[in-house]
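Visitor: Before I ask anything, here is the structure I am working with.
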Amino acid sequence: MNGKESNLRLLVLAGRGFMRGYAGTHYLLNSLHQRGVRLDVIVWDAPTNRHLYANLPYPVQVHTPGRLPGLGRKVNEGLRHWADPRLWAYLPRYQQSDAVLVCEGEFSATVMLGRKLFPRKPLFHFCQELDTSSGHYYWKSYRAFTQLADGFLDVEPHRAVIRTKMLRAPKPYWILPNTLPLADVNTVDDPRLLADFLAHQLGRPLVISAGSVNDSDKPFGRLLEIIARAQRALVFVGIFSNVDARELTAMRKAASVRLAHVPHLLLGPQPRAAVIACLAQADVGLIDYAYAVCPTENQRYCAPTKFFEYMGKGLALVTSNNPSLRDIIEKEQIGFCAADDEVGTFAGALDSALVDTDELVRMKARARQAFVSQYCYDQLCKPVIGDFLQKMVDSVGAGSSNSRLKGSRNE
């Protein structure tokens, strides 16, 4: 099938991660749009973030759930998932689409009612998290979508294996890792974000951690302790996307005590393009998703975009003990993984990356080369998207005898 001629009408129900936490959703929709898919996107987000979607080449409606003051969390959860009349109002758009792609668990009413009313409408689930046990309504809906769907996409191969074992019947699935296109990393390196800091660091290797922190799965205190226990000379930069000014002040105060012997710089949220542009100034990228801190399969088989950003900008990787990361790091010889979840073991892995300057240079070069040749979005995901699009077109053709989609078996 020529993707540019698909002319598929696809309703997309996406969460706030569409343009922020999960850039993979953005890349997927861009690729589908470039192949001729007519996208109708509803994104669950705050009104203050409308500007994020204003310049996209396809229409995006921002859905902001209401909240009734004085009611508990559980009541409001039920209200915003089922009693919001706007969710019901999206059903005509569900009916008018050729297929539906749901990315988040917030659209329970729209998806489940739409599936019941229009059972022959192909439904696909883009699974960006893995939760197998929580009784929270969001996760129950999330798992239900996967059971209802005609196929699903996942962001990590181990997660896909776990999820397929949970299914009542086999169904097609595709893996779209949270990587990024070459164009997004082939930007001009821009050291301005770190220039003043680096001017005084006497050539020590720069270790960086960029992303969210202070969540239950990524505590800042643990990251601080890892850096503090490293024996090799280094400088450290943290760029944290999810902290406010008050939190950042407290974090800087803690770092001034625990990292008194380590030159360091802590920054709050920065434009993603600026962060990527400054990464080439670093030598080692850190990723810590210790299972002992948050004992879930979602944590064990983590799938961070930052991993591929580090690779794309030619950084060596030092990470916690996650099979999802170890598979690539050890295969490509681009860094070290901690042998267990102890802070001291992670610090030892960091020392191993820094002990041999020449080998560090080689690891950085291998990381960049592996990204370009195997792990960028262009190489890893675009072929998968072509297969996924073909399946959607075939499903639409099988579900409607009146289907006249270009590229379908009916034409």
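Visitor: Kindly state, to the nearest 0.05, the FRET efficiency for Glu297 paired with Ile175, given R0 = 22 Å and r defined as their beta-carbon distance.
Guide: 0.90
Visitor: Given a cut-off of under 8 Å on Cα pairs at least six residues apart, what relative contact order in percent is computed for the stretch 259-411?
Guide: It comes to 18 percent, rounded to a whole number.
Visitor: Between their Cα atoms, which of Lys165/Lys218; Lys140/Lys171; Lys116/Lys140; Lys306/Lys391 are more than 24 Å away from each other?
Guide: Listed pairs above 24 Å: Lys165/Lys218; Lys306/Lys391.
Visitor: I've got another one for you. Once phi is turned into θ = phi - 60°, what whole-Hz ³J(HN,Hα) does the Karplus curve with 6.51, -1.76 and 1.60 give for every residue of the stretch 25-42, x standing for Gly and Pro?
Guide: 5, 4, 5, 4, 5, 4, 5, 5, 4, 5, 8, x, 6, 8, 8, 10, 10, 10
Visitor: What angle do you read, to the nearest 10 degrees and between 0 and 90, between the alpha-carbon axis of helix 220-229 and the longest principal axis of the chain?
Guide: Approximately 30 degrees, to the nearest 10.
Visitor: Please list, in chain and number order, the residues 5+ apart from Arg9 or on another chain whose amide H is under 5 Å from its amide H, with Hs placed from the backbone.
Guide: Arg38, Asp98, Ala99
Visitor: How many nm separate the modelled label positions at Arg192 and Leu117, each set 7 Å beyond the Cα in the direction of the Cβ?
Guide: Label-label distance for Arg192 and Leu117, simple model: 5.0 nm.
Visitor: Something else about it: Considering amide H positions built from the backbone, and no H for Pro or chain starts, which residues 5 or more places from Phe336, or on another chain, come under 5 Å of its amide H?
Guide: The list, which skips near neighbours in sequence, is Leu317, Val318, Thr319.
Visitor: Right, another one. Output wanted: per-residue J couplings in Hz (rounded whole) for the stretch 196-203, from phi through Karplus 6.51 cos²θ - 1.76 cosθ + 1.60, θ = phi - 60°, x for Gly and Pro.
Guide: Calculated HN-Hα couplings, in order: 4, 5, 5, 4, 10, 9, 6, x Hz.
Visitor: Taking only Cα atoms, what is the 0 to 90° angle, nearest 10, from helix 245-258's long axis to the longest principal axis of the chain?
Guide: For 245-258 against the chain, the angle is about 30 degrees.
Visitor: What length, rounded to one decimal in nm, is gained on full extension from Gln379 through to Ala365, with 0.36 nm per residue of separation minus their alpha-carbon distance?
Guide: Result for the pair: 3.2 nm of gain on full extension.
Visitor: From the phi of every residue in the stretch 181-189, what ³J(HN,Hα) in whole Hz does the Karplus formula 6.51 cos²θ - 1.76 cosθ + 1.60 yield, where θ is phi - 60° and glycine or proline is x?
Guide: So the Karplus estimates, Gly and Pro as x, are x, 4, 4, 6, 9, 7, 7, 5, 4 Hz.
Visitor: Turning to a different aspect of this structure: Quantify, in whole percent, the carbon and sulfur part of the accessible surface of the chain (1.4 Å probe; protein heavy atoms only).
Guide: Looking at the chain in its full context, I get 53 percent from C and S.
Visitor: Based solely on its DSSP helices, what 222 nm [θ] is calculated for the chain when runs of n ≥ 4 H residues each add -39,500 (n - 2.57) and the sum is averaged over all residues, nearest 500 deg cm²/dmol?
Guide: For the chain, the value works out to -11500 deg cm²/dmol.
Visitor: Then there's this: Taking Cα pairs under 8 Å and at least six residues apart, what relative contact order does the stretch 112-234 come out at, in percent?
Guide: Value for the stretch 112-234: 17 percent.
Visitor: Take every Cα pair under 8 Å in the chain that's 6+ residues apart, average their separations, divide by the length, and report that relative contact order as a whole percent.
Guide: 16 percent
Visitor: Starting from the amide H of Leu266, placed 1.01 Å from N in the peptide plane, find each other amide H under 5 Å away whose residue is 5 or more places distant or on another chain.
Guide: When sequence neighbours closer than 5 places are left aside, the close amide H contacts are Gly238.
Visitor: Of all the stretches in the chain, which is the longest one without any exposed loop site, taking trypsin sites (Lys or Arg not before Pro) in a DSSP loop (any state but H, G, I, E, B) with at most 15 other Cβ atoms within 10 Å?
Guide: Longest run free of exposed loop sites: 233-403.
Visitor: Given a 1.4 angstrom probe, what's the average accessible area per residue across the chain, in square angstrom?
Guide: With all protein chains present, the chain gives 44 Å² per residue.
Visitor: As a test, work out the antiparallel percent of DSSP beta bridges whose residues both lie in the chain, rounded to the nearest 5.
Guide: 0 percent
Visitor: To test your reading of the geometry: what angle, between 0 and 90 degrees and rounded to tens, separates the Cα axis of helix 357-370 from the longest principal axis of the chain?
Guide: Value to nearest ten degrees: 10.
The values are calculated or read from the model by the stated rules, or taken from the named source; none is laboratory data. Bear in mind the structure is a predicted one, so any value in this text is a computation, not a measurement. For neighbour counting, all protein chains shown are included, and Cβ atoms are generated from backbone atoms with ideal geometry for every residue, glycine included. Heads up: the accessible areas ignore ligands, DNA and RNA and are worked out on the full protein's heavy atoms, side chains in. Shrake-Rupley method; radii C 1.70, N 1.55, O 1.52, S 1.80 Å.
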